[in-house]
Amino acid sequence: MARSGRRNSAVMARLLPWLSIALVVIGLDQASKWWVLRDIAPGARIVVLDDWFDLTLVFNKGAAFSFLASSSGWQRWFFIGIGFAATAYLIWLLARHGGQWVFSLALALILGGALGNVIDRIWHAQVVDFLLLHWREIFFWPAFNFADSAITLGAVLLIIDELRRVTRSR
């Protein structure tokens, strides 16, 4: 029994920093969305950098790039389920590989971002997006949020970590 307790303590010690980062991501994401929902009317645009960056409140019932947004509503529960399954898997990976700094940071960012968007789906039945990158009025990147940014940064870090791993193995 004592050995099992020590093992659980070691796993928790490995998990704690990464889960803390995920919680910070969730907190920043939800705080920013709260502010936007309170202060920006849906569809309104606030110029931050002329010709490059605006704040605008839009909602997305789908996934990335509005995938499945026009479906009848089943996608909400589908994406919530995927979010919870991904959460369990990411926590399992963090428990096993918590000592690998770049890999674990990437997973923590993805975890926090995924849960930030799951919270939106539960509370609002859709994801709150508000960051709009564009070039003049010619090219627009789909609106996104801090959770999406954390997921993207985590994915980039996973790629960097794997490239480093491949380079070291040669």
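Exactly one of these conditions fails for residue 165: (1) modelled with pLDDT of 95 or more; (2) of a type in the set (D, E, K, R); (3) surrounded by fewer than 14 Cβ atoms within 10 Å (Cβ to Cβ). Give me its number.
The one condition residue 165 does not meet is (1).
What pairs can you find where one residue is in segment 35-59 and on the phi > 0 side of the Ramachandran plot, the other is of a type in the set (Ser, Thr, Tyr) and surrounded by 16 or more Cβ atoms within 10 Å (Cβ to Cβ), and their Cβ atoms are less than 9 Å apart, with a gap of 6+ or different chains?
Listed by first residue and then by second, the contacts come to 43/56.
From 153, 158, 111, 105, which residue is at pLDDT 95 or above, under 14 Å from residue 26 (Cβ atoms) and under 17 Å from the mean Cα position of the chain (by Cα)?
From the options 153, 158, 111, 105, the qualifying one is 111.
Among all residue pairs at least 6 apart or on different chains, which show Cβ distances below 8 Å where the first residue, located in segment 102-127, is surrounded by 23 or more Cβ atoms within 10 Å (Cβ to Cβ) and the second is among the basic types (Lys, Arg) and at pLDDT below 95?
127/61; 127/121
Considering (1) farther than 24 Å from residue 23 by Cα; (2) at pLDDT 90 or above; (3) surrounded by fewer than 19 Cβ atoms within 10 Å (Cβ to Cβ), say which one residue 54 fails and leave the rest.
Tallying (1) farther than 24 Å from residue 23 by Cα; (2) at pLDDT 90 or above; (3) surrounded by fewer than 19 Cβ atoms within 10 Å (Cβ to Cβ), residue 54 fails exactly one: (3).
The values are calculated or read from the model by the stated rules, or taken from the named source; none is laboratory data. These numbers were taken from a predicted model, which means no experiment stands behind them. So basically every Cβ, Gly included, is an ideal-geometry build from the backbone, and we count neighbours across all protein chains shown.
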